[in-house]
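**Q** The structure under discussion is supplied below as structure tokens; questions concerning it will follow.
The values are calculated or read from the model by the stated rules, or taken from the named source; none is laboratory data. The model shown is predicted, which means the values in this text are computed figures rather than measured ones. Here Cβ is always computed from backbone atoms with ideal geometry, including for glycine, and neighbour counts include all displayed protein chains.
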Amino acid sequence: MNDLMTYEAIAKAHALDELTTKRFLRYMKARWGNPQDENIKCRVGYAGEWAERFKAHVEYGASDSTGQAVLRLMEKVG
């Protein structure tokens, strides 16, 4: 299917810089990495909302406890 949307495409569409794109992709794939889930999250705008949260540097405050744990792990791992 050629019309699948990806987190990479969302990052580009929201003009995330290189570092923010890397963090956004790691977070999204850790939370919702299933390709079917990815396509749905991109199509309904959910991934775009997260891209904007990362762009505004409010991803930690916008995350639930599971998401915050992912972000903390990302900080530790680098």
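**Q** For the stretch 31-78, which residues satisfy the criterion of being closer than 17 Å to residue 5 by Cα and of a type in the set (A, V, I, L, M)?
**A** 40, 44, 47, 51
**Q** Next question. Among 12, 55, which is over 9 Å from the mean Cα position of the chain (by Cα), crowded, with 17+ Cβ neighbours inside 10 Å and basic (Lys, Arg)?
**A** Numbers: 12 fails: crowded, with 17+ Cβ neighbours inside 10 Å.
One residue alone meets the criteria, 55.
**Q** Give the residues of the stretch 51-76 that are part of a helix (DSSP H, G or I), without any contact (Cβ under 8 Å) to a residue 40 or more places away in the chain and not aliphatic (A, V, I, L, M), sorted by residue number.
**A** Answer for the stretch 51-76, where residues must be part of a helix (DSSP H, G or I), without any contact (Cβ under 8 Å) to a residue 40 or more places away in the chain and not aliphatic (A, V, I, L, M): 52, 53, 54, 59, 60, 61, 65, 66, 68, 72, 75, 76.
**Q** Follow-up question, since we're still on this one. If you check residue 10 against the conditions, is it of a type in the set (A, V, I, L, M) and in contact with a Gly (Cβ under 6 Å, 6 or more places away or on another chain)? Talk me through it step by step, then tell me what you get.
**A** Numbers: of a type in the set (A, V, I, L, M): yes; in contact with a Gly (Cβ under 6 Å, 6 or more places away or on another chain): yes.
Taking the combined requirement at face value, the residue satisfies it.
**Q** Pick from the stretch 26-40 the residues that are hydrophobic (A, V, I, L, M, F, W, C) and out of contact with any Leu (no Cβ under 9 Å at 6 or more places or on another chain): which of them is surrounded by the most Cβ atoms within 10 Å (Cβ to Cβ)?
**A** Within the stretch 26-40, the first condition is being hydrophobic (A, V, I, L, M, F, W, C), and the residues that meet it are 28, 30, 32, 40.
From what is left, the residues that are out of contact with any Leu (no Cβ under 9 Å at 6 or more places or on another chain) are 28, 32, 40.
Values: 28: 25, 32: 17, 40: 14.
Out of the qualifying residues, it is 28.
**Q** What pairs come out if I take residues in the stretch 16-45 that are assigned to a loop (DSSP other than H, G, I, E, B) and acidic (Asp, Glu) and pair them with residues that are modelled with pLDDT of 95 or more and surrounded by 13 or more Cβ atoms within 10 Å (Cβ to Cβ) whose C-beta lies under 9 Å away, six or more apart or interchain?
**A** From residues that are assigned to a loop (DSSP other than H, G, I, E, B) and acidic (Asp, Glu), the pairs are 17/55.
A quick yes/no check of all residues on (1) within 10 Å of the chain's Cα centre (by Cα); (2) at pLDDT below 95:
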residue: 4; (1), (2): no, yes
residue: 7; (1), (2): yes, no
residue: 20; (1), (2): yes, no
residue: 25; (1), (2): yes, no
residue: 47; (1), (2): yes, no
residue: 59; (1), (2): yes, no
residue: 64; (1), (2): no, no
residue: 75; (1), (2): no, yes
